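Shown next, in structure tokens, is the structure this report addresses.
Just so it is clear, none of the values below were taken in a lab; they were calculated from the coordinates. A quick note: this is a predicted structure, and the numbers were derived from the prediction, not measured. When we count neighbours, we look across all protein chains shown, and the Cβ atoms used for this are built from the backbone with ideal geometry, even at glycine.
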Amino acid sequence: MRYISTSIKSHGLVPMYRDAGFTGDKGSGLFNRNNGDKVFPDIISALTTNN
């Protein structure tokens, strides 16, 4: 995900990720909706850092 995000940013675009909310098996949620914990902090970091 970091490579993809870096490439997108280097082309002047903004990376996006569709967070459907579900964090279980085959889910794509990045945050636990009950307590706010980051479920996939590496993905969040790749999308939000400037590199």
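Brief remarks on what is shown
- Relative contact order of the chain, taken over Cα pairs closer than 8 Å and 6 or more residues apart, is 33 percent.
- Exposure proxy order (Cβ contacts within 10 Å, fewest to most) of Arg18, Arg2: Arg18, Arg2
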